[in-house]
């Protein structure tokens, strides 16, 4: 059986602090503190290279229902 844990960990490392922490944004608190994988300020954000088609198509759910469960994390345009 193949172990893909290394690839998964590498993917997570590439995404470390590339998005703002939703909990910290909404409440000003995060139970993970300094161990949080997400940024607690804009200055903590790291650049991430996105797929060339990232946010190039409209989000069908958002335009039909007026809301999207993914919010800012959605890969489509709102």
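Look at (1) assigned to a loop (DSSP other than H, G, I, E, B); (2) over 11 Å from the mean Cα position of the chain (by Cα) and you find that residue 17 fails only one, number (2).
Let's see how each residue does on (1) modelled with pLDDT of 95 or more; (2) surrounded by 11 or more Cβ atoms within 10 Å (Cβ to Cβ); (3) on the phi > 0 side of the Ramachandran plot:
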| position | (1), (2), (3) |
| --- | --- |
| 3 | no, no, no |
| 21 | yes, yes, no |
| 33 | yes, no, yes |
| 46 | yes, yes, no |
| 58 | yes, yes, no |
| 63 | yes, yes, no |
| 73 | no, no, no |
| 77 | yes, yes, no |
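In summary, residue 29 fulfils each of the numbered conditions (1) at pLDDT below 95; (2) in a loop (DSSP other than H, G, I, E, B) with the single exception of condition (1). Taken as a whole, the condition of being touching a helix residue (DSSP H, G or I) at 6+ places or on another chain (Cβ under 6 Å) and within 25 Å of residue 24 (Cβ to Cβ) applies to residue 40.
The values are calculated or read from the model by the stated rules, or taken from the named source; none is laboratory data. Fair warning: this is a prediction, and the values are worked out from it, not measured in the lab. In this analysis, Cβ positions are derived from the backbone assuming ideal geometry, glycine residues included, and neighbour counts consider all displayed protein chains.
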